[in-house]
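The values are calculated or read from the model by the stated rules, or taken from the named source; none is laboratory data. For clarity, every value in this text was computed on a predicted model and none was experimentally measured. Positions of Cβ are generated from backbone atoms using ideal geometry, with glycine treated the same way; all protein chains shown enter the neighbour counts.
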Amino acid sequence: MLYSEKVMDHFRNPRNVGEIPDADGVGQVGNAKCGDIMRMTLKIDDGIISDVKFTTFGCGSAIATSSMATELIKGKPLSQALELTNQAVVEALDGLPAYKLHCSVLAEEAVKAAIKDYYDRNGIAYDPDLFRDCGDCEGCMS
Ligand code: FES
């Protein structure tokens, strides 16, 4: 089977879909390889991601990886969410076919863009290296 059961589960029944209306951080990124778009909204309380929602105009793998990414960062401190890598998301889903790996980048970059937006809005200093453009996306850091 091409896709793991976890990928199919998160694709058919994605978690945390939607948009937080009064979000503290918003990240929208585009995938340069396919043109798909992902939007992530965060609610942040005392440095903890108390809520997260996403919407995507993207493929099934983008939906599944974003859904898993939201589960992995919900309730976590920002510092931990910033360490989330697309590889960790893919592992949590029991893998993706190699040619769909680029789809998982969208989730990681959307999380980072939303956290950066939160820092910028609140004048919180950060290490710009944390938000280095990986080169796989378009627009996430602008
Ligand atoms: Fe665009 Fe998967 S093909 S994110």
Those residues of the stretch 80-92 which are over 18 Å from Arg39 (Cβ atoms) and either outside any loop (DSSP other than H, G, I, E, B) or among the acidic types (Asp, Glu) (or both), in sequence order: Gln80, Leu82, Glu83, Gln87, Ala88, Val90, Glu91, Ala92
Some residue of the stretch 93-108 being buried (at least 19 other Cβ atoms within 10 Å of the Cβ), outside any loop (DSSP other than H, G, I, E, B), within 16 Å of the ligand (Cβ to nearest atom) and hydroxyl-bearing (Ser, Thr, Tyr): yes
Go through the stretch 15-34 and give me each residue that's among the aliphatic types (A, V, I, L, M), in contact with a Cys (Cβ under 9 Å, 6 or more places away or on another chain) and not in a loop (DSSP other than H, G, I, E, B). Val29
Could you tell me whether Gly47 is farther than 14 Å from Ala110 by Cα, small (Gly, Ala, Ser), out of contact with any His (no Cβ under 6 Å at 6 or more places or on another chain) and within 12 Å of the ligand (Cβ to nearest atom)? no
Tally time: how many residues in the stretch 54-79 are in a loop (DSSP other than H, G, I, E, B) and within 14 Å of the ligand (Cβ to nearest atom)? 2
Cβ-Cβ distance below 6 Å, separation of 6 or more or different chains: which pairs start in the stretch 31-47 with a residue that is without any contact (Cβ under 8 Å) to a residue 60 or more places away in the chain and end on one that is of a type outside the set (A, V, I, L, M, F, W, C) and away from the ligand (no atom under 16 Å from the Cβ)? Lys43/Asp24; Lys43/Ser50; Lys43/Asp51; Gly47/Pro77
Quick check, is Val26 of a type outside the set (D, E, K, R) and buried (at least 19 other Cβ atoms within 10 Å of the Cβ)? no
Looking only at the stretch 11-37, how many residues end up being modelled with pLDDT of 95 or more, within 16 Å of the ligand (Cβ to nearest atom) and touching an Asp or Glu at 6+ places or on another chain (Cβ under 8 Å)? 1
